[in-house]
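Just below is one structure, and these are the notes that go with it.
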Amino acid sequence: MTKNETVISVRDLVVGFGDVTVLDHAALDVFEGEILGFVGGSGAGKSVLMRTIIGLLPKRQGTIEVFGTDLAALGERERRTIEQRWGVLFQQGALFSSLTALQNVQFPIREYLDLSPRLTEEIALAKLEMVGLSPDVRGKYPAELSGGMIKRVALARALALDPDIVFLDEPTSGLDPIGAAEFDELIRTLQRTLGLSVFMVTHDLDSLHAVCDRIAVLSEGRVIASGPIETMLASEHPWLKSYFRGKRGRQSQRLVHH
Amino acid sequence: MSAASLTATAEGERVALAATGAWTAERAAELEEIIDQTVRRYQGASDVVIDLAKLERLDTFGAWLIERLKRAFTGRGSTARVIGLSDADRGLMEELQLVNRAPGETGAAANRIAMALDAVGRAVAGIGWSLVVLTQLLGALTMVIAATIAHPTRLRLTSVVYHLERVGWRAVPIIVLSTFLIGAIIAQQGIFHFRTFGAEIYVVDMVGILVLREVGVLIVCVMVAGRSGSAYTAEIGSMKMREEIDALRTMGFDPVEVLVLPRIVALVIAVPLLTFLGSMAALYGAGLVCWLYGGMTPDILLARLREAISLPTFTVGMIKAPFMALVIGLVACVEGFEVQGSAASLGLRTTSSVVKSIFLVIVLDGFFAMFFAAVGM
C-alpha cells in the first residue's frame, strides 16, 4: 500500500454562509489507500468540508485537488469523470425511496455504463452481497429496510462504480454497537479488497481506534491536527485531550487494545 | 491503459485462456461479449485454465466477469482454474466467488390475463377498503366532535383560525376570479344560442338557477379539493413519514383531535362562505356579459333575476356546501394517514386524494339532486 500518493488535497479553504465563516483556511490531505477519520465537535464543519469537496457547497477561497486536478478548473464533462471515481455514503443513506434496494445500486451503473441488463443485475447483486446483505433484500423498498440495512445498501450504491475514494458521513451513527463494529469491519475489508481510499466523518471513537489509519481533527474552522491515533492520544492540546482521553475515549481504547 | 482482451489456446479438450489489459468497469460491456463468445466457442472443453498473470488492472466488474467465465465452464461439468492471481486481487476474487450463488428470482412466466384479473381484484378490494377507512375516520371524528361539544375548551381554536385563513381567506382571489369567468362564459354561450330563438332574456333564468344551485358550489369544491385537500394530504402524509403522528400518539394526543378536527372544521366553515362569494362573482360575471354583449340594462337584468330565482334556489346550493366540505376534508385526511414511507407513496396519495374527493363531491351532488327533487325544492 503506497502512502505517498495524495488523492485529495485541500488548501486554504474558506467556506461560509452569510456572516458565518465555517471553514477558515482549512488544509487537509488524504493519501491513497488509507482510511482517514475526520473528527471535530458538533457543528465544527466536518460535513461542510466533505460537502464542499464533493461539490455540494460553494467555496469562497482556496483550492481542492482530487487525483491531482483542481476541481474548480474543470469543465462539466471532466468533472463528471472525476465524480465517477468517488462514491458518497450520506448520513441517512439517501436511498431513492421509489426504487428497490437492487434498483438503487443499479442506478449509477445504468446511468454511467452501457452494460447488458444481465450484467448490470449481476454486478448490483454482487455489491449487495459484498456489503453483507442477503440477496433477499433486492426487491425491498428503503421504507421496508432497517437502519443498518439502509446503510449497507447505501454503501453498496456508493461502491457501485468501483470508485477510488469513498466519502462516508457518520457511517456508524444510528447503529447499535454490534452493528457499528460489523460496519467498521466491513469498511476495513472492502477498503482492502477494493484498494479504496476512505474519507470518514465520524464521532464514533471505536471506529477511530478500530479502522482509521490516520485521524484529522477539525476545530474552529481549521484542521488542528492529523496523524495516527497514537499521536492523538499523546497530544496535549486541550480539545484533543478531552476528546480522546475523556471517559468515553478511555473506554473504547481499552476495548480495542485488550 | 491498453485494451482488455482474452486470448485462447486450445489443445484438444484443454483450453488455456489468458486475460490481458485492464478488466475494469469501462470495458465491462465488451468483455462480457468476449467471455460469452469464448464460452460458446469452447463448449467441448473439459479442462480450462484462466491465467490472470498479465492483467494490468482488475476491479469488481472484471473480477465478476472472470468468475462468471469460470462458472460457465464448471456449471457444465468441466474443471476450471484461475492461476496467476496477484496478491492484491486475490481478496477481490475470493469475495466474488461467494456472490450470486442464490438462484435468481425465476421470472415465472406471468400470465397476462391472470395479472389483469389480479389488478382488477386489487382495485375493487382497494375501493372497499378505502370506504371502510373513510367510515372509520368519520366515526372517530364524530366521537371527537361529541367530546368537544361536551368540553368546548378542547377545540384548538388557534389551529382552526390558522387553517381558516389558509383554506378560506387566501383562496378568495382565485375562487372569485374563476367563478367570475365561469359565469361570464355560461352567459355568453347562452346569449349566443338563445338569440336564435329570440329568447335572450331567459339566459338570466338559466345562469341564475345553474350558478346558485349547482355550478357555484361545484366549482368551489373542485378548487378547494385541488388547493386545500391536496395540502392536507401532503401535510399529514409527511408527518406520518417522519413519525410525528406516532409521537403525538405516544404523548397521549389523539391525531384526529389535534390534526383532523381543526382542518375539517375550517373547511366546513370556509366552503359555504367561498360558495357564497363564488356564486355572487359568477352572477356578476354573467350580468356583465348580459349587459355588454347581450345589451340588457342592469335594471331589466335585476328584475328578471328577481323573478327567476327564489330563496330555495339559493339555499339548495348553500345546504350542499358544508357536506361537500366534510367529504373533501375526510378524504384528504384519510389519504394522508395512508401514506407509507416513500416519497412516491406521498405523491400517489396526494393525487388520489384530489381525484377521490372531486369524484365523491360529484356523486354527493347527484344524491342531493335526487333528495331535493323528492322534497320538492
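Computed from the coordinates by the stated procedures, all read-outs in this text should not be read as laboratory data. Since the model is a prediction, treat every value here as computed from it, not as a measurement. Counting neighbours? That spans all protein chains shown, and the Cβs are built from the backbone with ideal geometry, glycine included.
See the values below:
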| read-out | value |
| --- | --- |
| Matching residues in the range A:185-217 - criterion: being within 18 Å of A:Ile8 (Cβ to Cβ) and over 14 Å from the mean Cα position of the chain (by Cα) | A:Leu194, A:Gly195, A:Val217 |
| Scope the range A:11-46; condition of a type in the set (A, V, I, L, M) and under 22 Å from A:Gln91 (Cα atoms); matching residues | A:Val15, A:Val22, A:Leu23, A:Leu28, A:Val30, A:Ile35, A:Leu36, A:Val39, A:Ala44 |
| Helices (runs of 4 or more DSSP H) completely within the range A:121-232 that count 2 or more residues being more than 17 Å from A:Thr100 (Cβ to Cβ), in contact (Cβ under 8 Å) with a residue 60 or more places away in the chain and of a type in the set (A, V, I, L, M) | A:177-194, A:205-211 |
| Residue satisfying all of: in the range A:87-109; of a type in the set (Phe, Trp, Tyr) and under 25 Å from A:Val7 (Cβ atoms); surrounded by the most Cβ atoms within 10 Å (Cβ to Cβ) among these | A:Phe90 |
| Test: residue in the range A:84-97 that is within 14 Å of chain B (Cβ to nearest Cβ), over 11 Å from A:Ala154 (Cα atoms), of a type in the set (D, E, K, R) and out of contact with any Phe, Trp or Tyr (no Cβ under 8 Å at 6 or more places or on another chain) | no |
| Selection status of B:Arg41, within 12 Å of chain A (Cβ to nearest Cβ) and either closer than 24 Å to A:Ser116 by Cβ or buried (at least 17 other Cβ atoms within 10 Å of the Cβ) (or both) | no |
| Residues (farther than 24 Å from A:Glu185 by Cα and of a type in the set (A, V, I, L, M, F, W, C)) located in the range A:114-141 | A:Leu115, A:Leu119 |
| Restricting the range A:1-41 to residues that are surrounded by fewer than 16 Cβ atoms within 10 Å (Cβ to Cβ) and among the polar types (S, T, N, Q), the residue that is nearest to A:Ala210 (Cα to Cα) | A:Thr2 |
| Subset of the range B:7-25 (residues that are crowded, with 20+ Cβ neighbours inside 10 Å and within 12 Å of chain A (Cβ to nearest Cβ)) | B:Trp23, B:Ala25 |
| Qualifying residue in the range B:298-313 (condition: within 14 Å of another protein chain (Cβ to nearest Cβ), over 22 Å from B:Ala140 (Cβ atoms) and not basic (Lys, Arg)) | no |
| Unmet criterion (only one of (1) under 21 Å from the mean Cα position of the chain (by Cα); (2) in a helix (DSSP H, G or I); (3) away from chain B (no Cβ under 12 Å)) for A:Leu57 | (2) |
| Within the range A:110-122, considering residues that are over 15 Å from B:Glu30 (Cα atoms) and surrounded by 18 or more Cβ atoms within 10 Å (Cβ to Cβ), the one nearest to the other protein chains (Cβ to nearest Cβ) | A:Glu122 |
